[in-house]
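Here is the structure we will look at, set down as structure tokens.
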Amino acid sequence: MLIGLIAVGIFYRFAWVNWNQDAQLHPDEYGLTNTLSVLRMPTSLAEYFNTRISPISPYHKYNPDGSLLQNGPDNRMRWGQLPMILIRAAAEATGNTGYGELRLLGRRLSALADALAIGLLYLIGRKLYNHRIALTGAALSALAVMQIQQSHFMTVDNFGTFFTMLALYAAVRIAQQPPLARRPYPDGAYRLVPAAAGWFALFGAAAGMALACKINLLPLIGMVVMAAFLSITDLKLRFQSDLSRIFGSTALLLVLSAFSALLAFRLTQPMSSRAPQGDTTFFTLHLNQDWVDSMQVAQMESSGIGGGPPGEQWAARPAILFPLMNMVVWGMGLPFGLTAWLGFGLAGWQVLRKGLLYRAHLIPLVWVGGYFLFMGTRWVKSIRYFLPIYPLLALLAAWLLWQVWQSAGNGGRGAGRLPVRRLAAGGLMFFVLGGTLIWADAFVSAVYRQPHTRLQATEWIFQNIPAPVHFELQTAQGSRFQPVSVPDGLTIPPGERFTLTFTARESGTLRSVTLPRLFNPADSPAQLRLSLYREGSSLDLLTETSLQVPPASGAARGNTVQADLSGGELQAGQVYTLTLHNPSDQPLKIYRLTLANESWDEGLPVPRATYDPFGDFYRGVTMEVRWYDDENKRQMFYERLAEVDYIILPSQRGIWSVARLQLTYPMTIEYYRALFDGRLGFDLAAHFQAPWRIGNFYISDVGGQVRWGAPPRLPLFNFNFFAAEEAFSVYDHPPVWIFVKSERFDMAQVRSILGKFDLSQVVVQSPRDARPRPIQ
């Protein structure tokens, strides 16, 4: 059963690898892909280590005299180089060097790294406890939602976790044998010989490679000291004089481990060194200033000093408690999460109060507790930063489950039935394992077994927000639409024709055509003649119609014009010619609808297939919601609200972050409030979210809410402590809201709503200083 659960977890990692359908939806991923696509593996070791010109370094290239030669593809790279080397090397070895191929290969390698980490967890559990505990821990780790999600991202996190687990396995082997072994002579004498040098070297190498994945794994280095301490605690020495040799040998082995770590880091993170002038070699010890600068920027961002708008979401997030909630509730699920931390607590109590099983417990306890405190007290407490402790928490949960089982007795039968305590213990194990499986399945069903919420919104936009020429088709699936690209502001002079060709996306019967923005400057109605031809050896008229164009009457970009069509079949893949003829004595203009997205977010609709939405169909503008509130921002709101037809919130990034800095964004908060309640003159046209579902029970990680029978309604401003942190949802299942301008829109009303704020009183807060209060 446990092996089957592990297999399910592994399957979840490798399934739905192209969950974004090639769209650019994860900024860390496409940033890394952009960099990897222009890097290449060096042709020699000399080129590999020569950072100033190395083709695998993302940093700037330099002349021998130290002057700048060429800008690097990503001089701000903060991630370790080892995952980049592994992915690029694998891509070149397998021929998967194309942009999309690189990303999918990177995701598969990320999933593989996590699968291998589960295997290492089993080895660790078997050494520390026994086979059953090890297998149960591996099953829980395999089904952990956080590990499954990160296996779908081409990021460095899973690579860092794998090398962390390799280092911890070496630490366990160190802890279970003395640093020196006695080798007896025939006469009864003995000599001491090194017994654990290989494991010390392996620990150092694995720790160095972990740092070459993520520099914030630095606390891992200290685990070798804990392992060395355990290796000598129970030594029974025949002669007191051996004590100094034991400590001396241990110190030398620690030096060996440190040397191995430095060597591994130098080999797998070559870009961290660069000679100020001349070539860089393996023996160059001078740090690369570009790398140092990027690490300093990363440190500032993680401490809340820098980072810009992405750091605003962390305002007033309580240390320890907030990451603990995210781990227990979302990253693991309550059955697994509560059991894991109860196991941590009971193991700690056994060690501190009774000294029981300290040789088994100490390494998991120190690593889990120490790293959790290290990351949980930092400003940025992203849920993925705690990934390296998930496997050992799974092991502690497994230990607790089997501890309960053993304490229930050996289970002799009484009156033909198992004892109640043993049944309860078995029920607990079934509840935790089964609950974790159900939680994992609910996650992948909501997030990966259905289209991404942004892609659902994109399809809705294509079908419901008309292109400059928009044909309605009747298909077997119902009404579908064929958008046709026309340049924004196209002028058709009197008596002139405009002709274009397009390839049909859908097959169906033509029913109607819509031009959402047709501008007639005259005071009297005009006409526009539309003819559609099928291309072939000669043009074959498919359908035609005349559209009556009313005067613009103050509408700056014209009015919506629609006409029915008398049939005709479009065939997907067929090329058609569209002719627009203006028989009137006034010029006519065709405009596109204007869509507003938000700054610091991924805009919608995303490009699909051969469609470039803003290149072909729509005019796009940006709502600069993350500007600090001032008069420039107020004027931006006035201009944008006057010109847009639709407002899109591509995720919760903007609305829920600005609400946490209430002294900095008072006008923006009112803008969102008035947008949602209709006072701005916009109506909610569509909303997309991906709640988890267990039977008829709906769970929203985004909102931190549950509801029976229907998805929970997300709050306007989310201050729910149990809402998952932004990064857990914003990449693969963010909420999306689309608003359409209504006939109620009144610019005077907009000015009365946003003009009432005295923006001279705005306080530009650091997120560290914000003390938000819940608002509606």
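The values are calculated or read from the model by the stated rules, or taken from the named source; none is laboratory data. What you are looking at is a predicted structure, and each value in this text was computed from that prediction instead of being measured. Cβ atoms come from the backbone with ideal geometry, glycine included; neighbour counts cover every protein chain shown. Keep in mind that these areas ignore ligands, DNA and RNA; they rest on the heavy atoms of the full protein, side chains included. Shrake-Rupley method; radii C 1.70, N 1.55, O 1.52, S 1.80 Å.
Say whether the condition of being in contact with a helix residue (DSSP H, G or I) (Cβ under 7 Å, 6 or more places away or on another chain) and crowded, with 17+ Cβ neighbours inside 10 Å is met by at least one residue in the range 61-71.
The answer is no; no qualifying residue exists.
What number of residues in the range 278-292 are without any contact (Cβ under 8 Å) to a residue 24 or more places away in the chain and not aliphatic (A, V, I, L, M)?
3
Is it the case that some residue within the range 111-132 is charged (D, E, K, R) and open to solvent by less than 10 Å² (accessible area, probe 1.4 Å)?
Yes, the conditions are met somewhere in the range 111-132.
Residue by residue through the range 416-473, note down the ones that are under 30 Å from Phe617 (Cα atoms) and of a type in the set (D, E, K, R).
Of everything in the range 416-473, those that are under 30 Å from Phe617 (Cα atoms) and of a type in the set (D, E, K, R) turn out to be Arg449, Arg454, Glu459, Glu472.
Can you name the helices (runs of 4 or more DSSP H) wholly within the range 375-473 that have at least 3 residues being under 31 Å from the mean Cα position of the chain (by Cα) and farther than 30 Å from Ala7 by Cβ?
453-464
Among the strands (runs of 3 or more DSSP E) contained in the range 633-701, which hold 1 or more residues that are crowded, with 19+ Cβ neighbours inside 10 Å and touching a Lys or Arg at 6+ places or on another chain (Cβ under 9 Å)?
Output list reads 646-649, 682-688, 697-700.
Which condition number in (1) modelled with pLDDT of 95 or more; (2) not in a helix (DSSP H, G or I) is the one that Asp585 fails?
Evaluating Asp585 over (1) modelled with pLDDT of 95 or more; (2) not in a helix (DSSP H, G or I) leaves (1) as the failure.
Restricting attention to the range 18-36, does a residue exist that is on the phi > 0 side of the Ramachandran plot and either crowded, with 21+ Cβ neighbours inside 10 Å or touching a residue at least 24 places away in the same chain (Cβ under 8 Å) (or both)?
yes
How many residues does the range 596-632 hold that are open to solvent by less than 50 Å² (accessible area, probe 1.4 Å), more than 18 Å from Val750 (Cα to Cα), outside any loop (DSSP other than H, G, I, E, B) and hydrophobic (A, V, I, L, M, F, W, C)?
2
Looking at the range 505-529 only, could you name the residues that are in a loop (DSSP other than H, G, I, E, B) and open to solvent by 10 Å² or more (accessible area, probe 1.4 Å)?
Within the range 505-529, Arg505, Glu506, Ser507, Pro521, Ala522, Asp523, Ser524, Pro525 meet the criteria.
Quick one: in the range 550-579, which of the residues that are in contact with an Asp or Glu (Cβ under 7 Å, 6 or more places away or on another chain) and in a loop (DSSP other than H, G, I, E, B) is least open to solvent (accessible area, probe 1.4 Å)?
Pro551
Return the residues of the range 494-504 that are open to solvent by less than 70 Å² (accessible area, probe 1.4 Å) and either over 48 Å from the mean Cα position of the chain (by Cα) or modelled with pLDDT under 90 (or both); say none if nothing qualifies.
Of everything in the range 494-504, those that are open to solvent by less than 70 Å² (accessible area, probe 1.4 Å) and either over 48 Å from the mean Cα position of the chain (by Cα) or modelled with pLDDT under 90 (or both) turn out to be Pro494, Gly495.
Only residues that are more than 17 Å from Val432 (Cβ to Cβ) and assigned to a helix (DSSP H, G or I): list them for the range 119-147, please.
Gly119, Leu120, Tyr122, Leu123, Ile124, Arg126, Lys127, Leu128, His131
Would the range 91-100 turn up any residue that is out of contact with any His (no Cβ under 8 Å at 6 or more places or on another chain), on the phi > 0 side of the Ramachandran plot, without any contact (Cβ under 8 Å) to a residue 60 or more places away in the chain and part of a loop (DSSP other than H, G, I, E, B)?
yes
Hey, among the residues in the range 435-480 that are among the β-branched types (Val, Ile, Thr) and touching a helix residue (DSSP H, G or I) at 6+ places or on another chain (Cβ under 6 Å), which one's nearest to Leu518 (Cα to Cα)?
Val444
Looking at (1) assigned to a loop (DSSP other than H, G, I, E, B); (2) open to solvent by less than 20 Å² (accessible area, probe 1.4 Å); (3) not basic (Lys, Arg), find the lone condition where Phe721 falls short.
Status for Phe721: all satisfied but (2).
Scan Ala258, Ala347, Ala340 and give me the residue that is open to solvent by 30 Å² or more (accessible area, probe 1.4 Å), small (Gly, Ala, Ser) and touching a residue at least 24 places away in the same chain (Cβ under 8 Å).
Result of the check over Ala258, Ala347, Ala340: Ala258.
Please return the ranges of helices (runs of 4 or more DSSP H) entirely within the range 238-343 where 3 or more residues are farther than 30 Å from Arg653 by Cβ.
In the range 238-343, 242-268 are the helices (runs of 4 or more DSSP H) which contain 3 or more residues that are farther than 30 Å from Arg653 by Cβ.
Name the residues in the range 731-765 that are closer than 16 Å to Ala659 by Cβ and either hydroxyl-bearing (Ser, Thr, Tyr) or open to solvent by less than 60 Å² (accessible area, probe 1.4 Å) (or both), would you?
Pro735, Trp737, Phe757, Val762, Gln765
Given the condition within 30 Å of Ser507 (Cβ to Cβ) and open to solvent by 60 Å² or more (accessible area, probe 1.4 Å), answer yes or no: does some residue in the range 416-427 qualify?
No, the range 416-427 has no match at all.
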